[in-house]
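Data first, discussion second: the structure below is written as structure tokens.
No value in this document is a laboratory result; all are computed from the given coordinates. All values derive from a computational prediction rather than experimental measurement. Positions of Cβ are backbone-derived with ideal geometry, glycine not excepted, and every protein chain shown enters the neighbour counts.
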Amino acid sequence: MGIRDRPTSPRSPWQNAYAERLIGSIRRECLDHVVVFGERHLRHVLLSYMNYYNETRTHLSLDKDAPLSRTVQRAGRVLRLPILAGC
């Protein structure tokens with residue numbers, strides 16, 4: 001078919017905008033606030049962030065919903081839950 005893989009240049013957001021945006025979000029929202037103590041700890045932190053990103057974090061492109069949609073509660077209490085051992 002003549003299809004070949006073409007790697008993008010490092011730190012070139014115009015070549016692979018979606019991957020660069022995700023990596024930037026992970027760095028800004030997660031890794032800049034955590035001291036990582038090894039590969040096992042990093043995997044745990046990234047898994048926790050993935051769950052937060054897909055289940056809890058609101059996204060403007062999804063009309064302030066999460067990728068894994070949830071039901072809207074019209075009444076109730078607002079609770080603060082620590083994520084990644086945060087406040």
Query - the stretch 1-44, subset loosely packed, with under 13 Cβ neighbours inside 10 Å and of a type in the set (S, T, N, Q), residue nearest to D65 (Cα to Cα) - result: S12
Query raised in the report: Which residues, taken from the stretch 45-87, are among the polar types (S, T, N, Q) and surrounded by fewer than 12 Cβ atoms within 10 Å (Cβ to Cβ)?
Result: T58, S61, S69, T71, Q73
Report task. Name every residue in the stretch 17-38 that is farther than 17 Å from N54 by Cβ and in contact (Cβ under 8 Å) with a residue 40 or more places away in the chain, in order of residue number. Result -> H33, V34
